[in-house]
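Working notes, structure below.
The values are calculated or read from the model by the stated rules, or taken from the named source; none is laboratory data. Bear in mind that the values here come from a model prediction, so they are computed numbers and not experimental data. No Cβ is skipped: glycine too gets one built from the backbone with ideal geometry, and neighbour counts run over all protein chains shown.
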Amino acid sequence: MPTKKQTENQVANEVYYGIIPILRNERIYGFWDVFFATTAWAIASWCYVQGGYIATMLGAKALISNTIFGMTIAGIFLCFTVLISTRYGIDLWIYQKALFGYKAVLVIAAITIASNYGYEAINVKLYANSLMILCKSAGLTLSEAWNPWIGMTCVLLGWWIALIGPKAIGYTTKIMVPSSLIVGVIILILLSAKCSLAELAAINPVRAGSGSNWERYMLVMELNVAFVIAWYPLLGVLPRLVKSERASYWGHLAGFAIIQAVVVSIGALTGLVMSAITGVESTNPTEWLIVLGGPWWGGISLILISIANVTAQAIAIYSVTVSTKVLMPSLDYKKVATFWSAWCALLVFWGGIWDYYQTYIAIIGAICGPAVALILVDFYIIRKQKISIASLFQSSGKNAYTYTNGYNLPAIIAFASGIASYFLVYDPVNLVPKSKIFLYTTATGLSMLVSAGIYWGFSLLKPVNNYLRKDCQEE
Amino acid sequence: MKQVDNFMKKLKEEIEKRIKMMQNSSYNYVQRFNKRDLIYTVFVGLFCILGLIWGIN
C-alpha cells in the first residue's frame, strides 16, 4: 500500500509523463531540445527501408526533390497540430476528445497506435537481419526461421529498458542518436566512394518502365507524405513540454520532416546505387552495408544498427505506453508496456509488415491523413482556436464533448469518408492509382481534403454547429 | 483497487487546481505562433512547390 507521499510523487510524475496539463513555468524544452529529440526519432533505420522502396521508382534528381520538398510540405500541415499541445500544455490525444468525443477517441487511439507499431516491427526485423548477417560472417549460418526469434531479443531488451523508466530512456537516447548518425555517415562515405554525382544521376530505377514519369513521381509522393503523416499518433508527447509555439512548430518541422527527408534521401540514393551494382531491387539496408562496405565497414555498421534499434524499441515502448496512459491513467504502466511489446512481437512473427511494406504505409496514410485534417479544421476553423479545458478533463461536471454517447458523429462520418476516398483512388495492394485524381492530390492528400471538406460542411449547418460547439456555453 | 482510487482522486484534484490556474490566461500564456512565422511557413511551402516542379521536369 503506497504512502500518501508516494501517491503525491506518482501524481507529480504525471506532469511530465502523463495526463496533467503542464503550466508555462514548468516547460523545459526550447527549439534545440525539440530539434534534437525529434531528430533522434526521425533518423532511425526505418528511413533506409523507405529510401530503398522509393529508389525502385525514380532517378536521383526526382527522388531527392520529391523526398525533401514533398516531406516538408506534409510536415507543414502536420506541425500545425503541435501548436494545440504547446498552447494548452496537454497531449494531443487529450485535445482529440473534443474532436472525436470521449469514447470514440479511445477507439481511434487504439487503431492508430496499434497500426503505427508496424514501424517498430520493421526496426526489429532490421536488428534480426543485422545479427544474422554478422553470424554468417563469423561462420555461423542460420536459417530464416531464426529471424523472428532473434528479433524477440530486441523486443525483450526494449521492454526491459522501458520498464526501468524515463532515466534509462534518456541514457538510451544518448546511445541511439550517435549510433544512427554514424551509420548515416558511413553510408554516405561508402556511397560517394562507389559512385560520382554524374554516375548517380545517370542510374535508371529498377521499375523505370512501369507507368509514366508523372505516375511514378506521385506514387513516391504518396509514400513520402504518408511516411511523415505517420508521426501523428506520437505527436503529443513532446510539444506540451515546449516553452513557445514558435520553438515547437519549427523544432518539429525540422526534425520530423526536413532531417528525416535528408536521411530517407541518403537511403534512396544508396538503394539506387545498389540496384545499379547488383542489377536487382534491394530494399534491405543491412544487405547494402556488406555489399558497399565489405566485411569491416559493413560489420561495424550492422553492430551500430543493432544497438540503435534496441534503443529505438525502448523509446517506442515508453512513448506509446505514456500515450496510452494519457487516455487511461488508471492503467498500470508495466502492464501497458508489456501489452505493446507483445503486440510488436506478434507483428514480428507475422512478418506481413516487412513483406507488404508499401501496403502498410498506405494503411497508415489512410488512417492518419484524415485524422490530421480533422484536427486542423476542428481547432482552427470550427472552434476558432478556443476549447474548454474543463470539458476535456470532465472537470467540475463539465462534459461538452459527450456528443452522442461519447461519439462525435459528424467527425466520425468525415473520418470514414476520408478513408473511403483513399481506397477509391489508390490500390495499395497492387500499388497502382485507380483514378486520375490520384495524380494531382495523392491518396493521402485526397483523403485529407475529403475529411476536412465534409466536416467543415457539416459545421456550416446551424444544428450541427450547435452540436459541435457546446463548449461555447462553458468558457 | 484502493491504490488506484487514491491515485485517481489525487490526480483529479491536481488537474482541477491547474485548470483554475489556466483559466487566468495571462498566467499560462506561451509565446504564440505569429504572423512572421506564418509568412516564413508560406515562403517555405512555395519554395517546396517550386522544388517539386523542378524535380519532375
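What number goes with the only condition from (1) facing chain B (nearest Cβ under 10 Å); (2) over 30 Å from B:Lys20 (Cβ atoms); (3) within 15 Å of the chain's Cα centre (by Cα) that A:Ile73 does not pass?
(3)
Among the residues of segment A:242-270, which ones are of a type in the set (Ser, Thr, Tyr) and touching a strand residue (DSSP E or B) at 6+ places or on another chain (Cβ under 7 Å)?
A:Ser244, A:Ser248
Among the residues of segment B:12-55 satisfying the criterion of being at pLDDT below 80 and not polar (S, T, N, Q), which is nearest to A:Phe80 (Cα to Cα)?
Out of the qualifying residues, it is B:Tyr29.
Taking the conditions exactly as written (surrounded by 23 or more Cβ atoms within 10 Å (Cβ to Cβ) and either more than 10 Å from chain B (Cβ to nearest Cβ) or modelled with pLDDT of 95 or more (or both)), does A:Ala37 satisfy them or not?
No, not satisfied.
Across segment A:423-445, which residue is modelled with the lowest pLDDT among those that are of a type in the set (A, V, I, L, M, F, W, C) and more than 14 Å from A:Val220 (Cα to Cα)?
By that ranking, first place goes to A:Val429.
Which number in (1) under 24 Å from B:Ile53 (Cβ atoms); (2) away from chain B (no Cβ under 14 Å); (3) surrounded by 22 or more Cβ atoms within 10 Å (Cβ to Cβ) marks the one condition that A:Lys436 misses?
Among (1) under 24 Å from B:Ile53 (Cβ atoms); (2) away from chain B (no Cβ under 14 Å); (3) surrounded by 22 or more Cβ atoms within 10 Å (Cβ to Cβ), A:Lys436 violates only (3).
For segment B:28-57, name all the residues that are part of a loop (DSSP other than H, G, I, E, B) and within 7 Å of chain A (Cβ to nearest Cβ).
Hits for segment B:28-57 are B:Asn28, B:Tyr29, B:Val30, B:Arg32, B:Phe33.
Every residue in segment B:11-25 that is more than 7 Å from every other protein chain (Cβ to nearest Cβ) and assigned to a helix (DSSP H, G or I), please.
B:Lys12, B:Glu13, B:Lys17, B:Lys20, B:Gln23
Restricted to segment A:136-183, and to residues that are polar (S, T, N, Q) and closer than 18 Å to A:Gly299 by Cβ, which residue is surrounded by the most Cβ atoms within 10 Å (Cβ to Cβ)?
The selected residue is A:Ser180.
Pick from A:Lys325, A:Lys335: which is surrounded by fewer than 20 Cβ atoms within 10 Å (Cβ to Cβ) and within 14 Å of chain B (Cβ to nearest Cβ)?
Unique residue meeting the criteria: A:Lys335.
For segment A:138-255, please list each of the helices (runs of 4 or more DSSP H) lying entirely inside it that holds at least 2 residues being within 27 Å of A:Ile277 (Cβ to Cβ) and within 14 Å of chain B (Cβ to nearest Cβ).
Of the helices (runs of 4 or more DSSP H) lying wholly inside segment A:138-255, those with at least 2 residues that are within 27 Å of A:Ile277 (Cβ to Cβ) and within 14 Å of chain B (Cβ to nearest Cβ) span A:213-229.
Can you give me the ranges of the helices (runs of 4 or more DSSP H) entirely in segment A:271-366 with at least 2 residues that are under 23 Å from the mean Cα position of the chain (by Cα) and more than 30 Å from A:Lys136 (Cβ to Cβ)?
By residue number, A:285-327, A:333-350.
How about segment A:423-433: which of its residues are touching a residue at least 60 places away in the same chain (Cβ under 8 Å) and either within 14 Å of chain B (Cβ to nearest Cβ) or in contact with a helix residue (DSSP H, G or I) (Cβ under 7 Å, 6 or more places away or on another chain) (or both)?
A:Tyr426, A:Pro428, A:Val429, A:Leu431, A:Pro433
Is at least one residue of segment A:70-89 on the phi > 0 side of the Ramachandran plot, crowded, with 23+ Cβ neighbours inside 10 Å and not hydroxyl-bearing (Ser, Thr, Tyr)?
yes
Might you let me know whether segment A:410-417 holds any residue that is under 26 Å from the mean Cα position of the chain (by Cα) and either exposed (fewer than 15 other Cβ atoms within 10 Å of the Cβ) or within 14 Å of another protein chain (Cβ to nearest Cβ) (or both)?
Within segment A:410-417 (the criterion being under 26 Å from the mean Cα position of the chain (by Cα) and either exposed (fewer than 15 other Cβ atoms within 10 Å of the Cβ) or within 14 Å of another protein chain (Cβ to nearest Cβ) (or both)), the answer is yes, since at least one residue qualifies.
For A:Lys103, only one of the following conditions fails: (1) farther than 28 Å from A:Pro205 by Cβ; (2) crowded, with 24+ Cβ neighbours inside 10 Å; (3) touching a Gly at 6+ places or on another chain (Cβ under 7 Å). What is its number?
With (1) farther than 28 Å from A:Pro205 by Cβ; (2) crowded, with 24+ Cβ neighbours inside 10 Å; (3) touching a Gly at 6+ places or on another chain (Cβ under 7 Å) applied to A:Lys103, the lone miss is (2).
With segment A:411-475 as the region, which helices (runs of 4 or more DSSP H) entirely inside it contain at least 2 residues that are within 23 Å of A:Tyr401 (Cα to Cα)?
So the answer is A:443-459, A:462-468.
May I ask you to say which residue of A:Leu461, A:Leu446, A:Leu468 is buried (at least 19 other Cβ atoms within 10 Å of the Cβ) and free of Cβ contacts under 8 Å to residues at least 40 places away in the same chain?
A:Leu446
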